[in-house]
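Okay, structure first, notes after.
The values are calculated or read from the model by the stated rules, or taken from the named source; none is laboratory data. The structure presented is a predicted model; accordingly, all values stated were derived computationally and were not measured. No Cβ is skipped: glycine too gets one built from the backbone with ideal geometry, and neighbour counts run over all protein chains shown.
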Amino acid sequence: MECIDSRICAERRWRNSYENVLGNAEEWFEATHFTYSSIFSACAGTGALEQGKWVHAHMIKSGQVLTAFVGNTLVDMYAKSGSIQDARKIFDRVDKKDLVSWNSMLTAYAQHGLVGEAIHWFEEMRKLGVQPNQITFLCILTACSHGGLLKEGQYYFDMMKRYKVEPEIEHYVTIVDLLGRAGLLDRAQKFINEMPVQPSAAVWGALLGACRMHKNAELGKFAAERVFELDPYDAGPRVLLYNIYASTGRWTDAAKVRKMMKDGGVKKEPACSWVEMENSVHMFVANDDSHPQMKEIHKMWEKIDALIKEAGYVPDTNYVLLHVDEHEREAKLQYHSEKLALAFALLNMPPGATIRIMKNIRMCGDCHSAIKHVSKVTEREIIVRDTNRFHHFSGGSCSCGDYW
């Protein structure tokens, strides 16, 4: 509960502070483009779309001109809050676009997995003579990774030399991620071994994540050991290694990883999801019953669960990484945080309204499958932002094409 309470309190303090600053701007000082840019950045970090829209409206009423400086953070805010259409509208309205403007839009397309749009705008940018930099190439490589475009990713990585842009460690991480997601784990390892710079923990972490995805325990162990050497205090790699062992039925090895985490005082961050509604943030942690509407939420999910099973949803208990029987595994799936957040939104939001859910870790495959079916049976658009990207669910399909 400490996680939930602290986040909600921080959100309330932040909302009160900006309302006081902007609401009393006439009495205190005149808000500048630096003021608005700072607040849009804060909204982007929390995915606070409604608050961001309110500040944007205040900026328009105050007569502020949409300069590239403010427009770039506004593009970022709308994109990170799940509204890629509004991000594009702002980009089109920005006068005298600079390189940051283009990078902001490319980042937005990459985050939302709109690979075709990202490539189109990258090429359009080049035609207009805008010189790409390290961030530009990182955006396009990330988009290729999210879309599984191996050939294109290699093409743009090689293009960096033509523009005399030296690859940084983030670019190498993205290539490892691109190869790993595609299941080319041997090629990814070979790429790491041939890198002209020393591999970082992030590079090995990308390979470890791919091993988790493709259940390669031996290579995963090797990658994890490299990460432990470079970043011994990060809980993420240990959790990934545990997940690899658990998903492949190696419970003895999984228990050893658990013990290693306990002995080292390393704690896993609890998975949580949150929904913004009527200027309030409602947070949910897996298996937590503290929300005042939890009984109604459980009843709503039971109802939805029955509907989506009739529509073809089959629970994937492989995503319950506990040594328990099949019945208990299926029961555990119902209490994943994004499902609780979704049930809450269905319970409280008007019919047909778009649902936006934020999540602090990667969405599991079972929740992904379930939410696809929910979008179909409820005829709603559901947008989920996890640590990797955005998922736009509509009509029983997802914008990621089941590749993330």
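If I ask for residues that are acidic (D, E) and either touching a Lys or Arg at 6+ places or on another chain (Cβ under 9 Å) or part of a loop (DSSP other than H, G, I, E, B) (or both), which ones from segment 217-232 would you list? Scanning segment 217-232 gives a single hit, D231. The residues in segment 281-301 that are without any contact (Cβ under 8 Å) to a residue 24 or more places away in the chain and among the charged types (D, E, K, R) can be counted, and the count is 3. Tell me, yes or no, whether segment 268-291 has at least one residue that is in the same structural domain as Y335 (by TED's automatic domain parsing), over 22 Å from the mean Cα position of the chain (by Cα) and modelled with pLDDT of 90 or more. Yes: segment 268-291 contains one or more residues that are in the same structural domain as Y335 (by TED's automatic domain parsing), over 22 Å from the mean Cα position of the chain (by Cα) and modelled with pLDDT of 90 or more.
To keep it simple, each residue is scored yes or no on (1) assigned to a helix (DSSP H, G or I); (2) over 28 Å from K359 (Cβ atoms).
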{"residue": "E50", "(1), (2)": "yes, no"}
{"residue": "H56", "(1), (2)": "yes, no"}
{"residue": "I60", "(1), (2)": "yes, yes"}
{"residue": "G63", "(1), (2)": "no, yes"}
{"residue": "L74", "(1), (2)": "yes, no"}
{"residue": "M77", "(1), (2)": "yes, no"}
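Just a yes or no: is a residue in segment 305-319 of a type in the set (D, E), in contact with a helix residue (DSSP H, G or I) (Cβ under 9 Å, 6 or more places away or on another chain) and closer than 12 Å to A341 by Cβ? Within segment 305-319 (the criterion being of a type in the set (D, E), in contact with a helix residue (DSSP H, G or I) (Cβ under 9 Å, 6 or more places away or on another chain) and closer than 12 Å to A341 by Cβ), the answer is no, since none of the residues qualifies. Residues that are of a type in the set (K, R) and under 30 Å from N193 (Cβ atoms) are absent from segment 120-132.
Of the helices (runs of 4 or more DSSP H) that lie entirely inside segment 136-197, those containing 3 or more residues that are closer than 19 Å to W102 by Cβ and either of a type outside the set (S, T, N, Q) or in contact with an Asp or Glu (Cβ under 8 Å, 6 or more places away or on another chain) (or both) span 150-162. Which residues, taken from segment 233-257, are free of Cβ contacts under 8 Å to residues at least 24 places away in the same chain and surrounded by fewer than 17 Cβ atoms within 10 Å (Cβ to Cβ)? Passing the criteria: G249, T252, A255, K256. From the set of residues in segment 358-404 that are modelled with pLDDT of 95 or more and β-branched (V, I, T), which is surrounded by the most Cβ atoms within 10 Å (Cβ to Cβ)? Step by step, filter segment 358-404, then rank; the result is V374.
Report yes if V165 is of a type in the set (V, I, T) and more than 20 Å from I361 (Cα to Cα), otherwise no.
yes
A single entry from E328, E296 fulfils the requirement of being at pLDDT below 90 and more than 20 Å from K372 (Cβ to Cβ): E328.
Table: residues versus (1) surrounded by fewer than 24 Cβ atoms within 10 Å (Cβ to Cβ); (2) over 25 Å from T73 (Cβ atoms); (3) assigned by TED's automatic domain parsing to the domain that holds S83.
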residue	(1), (2), (3)
Y109	no, no, no
G116	yes, yes, no
H120	yes, no, no
G129	yes, no, no
I135	yes, no, no
C139	no, no, no
Y172	yes, yes, no
D186	yes, yes, no
S200	yes, yes, no
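Of all positions in segment 77-93, none carries a residue that is within 26 Å of the chain's Cα centre (by Cα), crowded, with 23+ Cβ neighbours inside 10 Å and among the acidic types (D, E).
Of the residues making up segment 79-110, those that are under 25 Å from K161 (Cα atoms) and in a helix (DSSP H, G or I) are L99, V100, S101, W102, N103, S104, M105, L106, T107, A108, Y109, A110. Within segment 233-290, being out of contact with any Lys or Arg (no Cβ under 9 Å at 6 or more places or on another chain), of a type outside the set (D, E, K, R) and part of a loop (DSSP other than H, G, I, E, B) holds for Y233, G249, G265, P270, S290.
Of the numbered criteria (1) under 24 Å from the mean Cα position of the chain (by Cα); (2) over 24 Å from L99 (Cα atoms); (3) at pLDDT 90 or above; (4) of a type in the set (G, A, S), the one S41 fails is (2).
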